[in-house]
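Here is the structure we will look at.
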Amino acid sequence: MMVLGDKWIIYVPAKLAYGEKGREGVTAKKEGETDQPPIPPNHSMIFKIEVHDIVGEKILSIPCVPSTREGCTKKENVFIGKMVKSFGDRLDGMEEEVARLHKLLQEGNMKPDLVEWFETRVAILKKMMKGGVGAGTGAGSDEL
């Protein structure tokens with residue numbers, strides 16, 4: 001899944017592109033359209049894609065896996081350590097922390113970068129509750 005700011009390069013081999021036939025050029029028919037050049041037979045295609053904006057609901061992508069600390073930033077690791085120290089494997093404590101964070105988010109007077117960090121903390125706590133991180137087992141799924 002691509003997220004805001006991602007830049008991907010996608011290579012499409014000739015067999016999956018236009019193959020042996022290629023594609024004829026297309027002349028623009030309406031104002032604002034651009035001509036499309038021909039694509040020769042047996043040519044690969046390369047697309048450079050960048051996400052500049054997302055229309056609609058944004059989904060926060062958090063690669064951090066609390067049970068293994070894989071994909072976690074330094075800041076996320078510090079947070080996980082504090083939560084383990086505070087709550088161990090007590091789900092009720094983690095649930096109370098999630099509720100506290102949700103309440104602060106709902107007040108709506110936070111800067112956007114703080115909102116993202118709060119949402120990240122909530123997502124990590126939910127992964128911890130699901131995966132048994134406080135007990136140090138790493139058991140269970142780390143999916144949201």
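The values are calculated or read from the model by the stated rules, or taken from the named source; none is laboratory data. Because the structure is a prediction, the values reported are computed rather than measured. Cβ sites come from the backbone with ideal geometry, for glycine too, and all protein chains shown count toward neighbours. Each accessible area value is taken on the protein alone, full model and side chains, heavy atoms only, with ligands, DNA and RNA left out. Shrake-Rupley method; radii C 1.70, N 1.55, O 1.52, S 1.80 Å.
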Restricting attention to the range 28-37, the residues that are in contact with an Asp or Glu (Cβ under 8 Å, 6 or more places away or on another chain) and either surrounded by 12 or more Cβ atoms within 10 Å (Cβ to Cβ) or closer than 21 Å to Ala17 by Cβ (or both) number exactly 0
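Only residues that are of a type outside the set (Lys, Arg), touching an Asp or Glu at 6+ places or on another chain (Cβ under 9 Å) and closer than 30 Å to Leu60 by Cα: list them for the range 3-27, please.
Of everything in the range 3-27, those that are of a type outside the set (Lys, Arg), touching an Asp or Glu at 6+ places or on another chain (Cβ under 9 Å) and closer than 30 Å to Leu60 by Cα turn out to be Leu4, Gly5, Asp6, Trp8.
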How about the range 119-134: which of its residues are at pLDDT below 90 and open to solvent by less than 60 Å² (accessible area, probe 1.4 Å)? Gly131, Gly132, Val133, Gly134
Report the residue count in the range 59-72 for those that are open to solvent by 70 Å² or more (accessible area, probe 1.4 Å), out of contact with any strand residue (DSSP E or B) (no Cβ under 9 Å at 6 or more places or on another chain) and part of a loop (DSSP other than H, G, I, E, B). 3
Quick one: in the range 1-27, which of the residues that are among the hydrophobic types (A, V, I, L, M, F, W, C) and open to solvent by 100 Å² or more (accessible area, probe 1.4 Å) is modelled with the lowest pLDDT? Met1
Does the range 78-98 contain any residue that is surrounded by 12 or more Cβ atoms within 10 Å (Cβ to Cβ) and among the aromatic types (Phe, Trp, Tyr)? yes
All positions within the range 78-88 that are of a type outside the set (Phe, Trp, Tyr) and in contact (Cβ under 8 Å) with a residue 12 or more places away in the chain: Ile80, Met83, Val84, Gly88
Regarding the range 38-58, can at least one residue be identified that is open to solvent by 70 Å² or more (accessible area, probe 1.4 Å), closer than 28 Å to Lys130 by Cα and either part of a loop (DSSP other than H, G, I, E, B) or without any contact (Cβ under 8 Å) to a residue 40 or more places away in the chain (or both)? yes
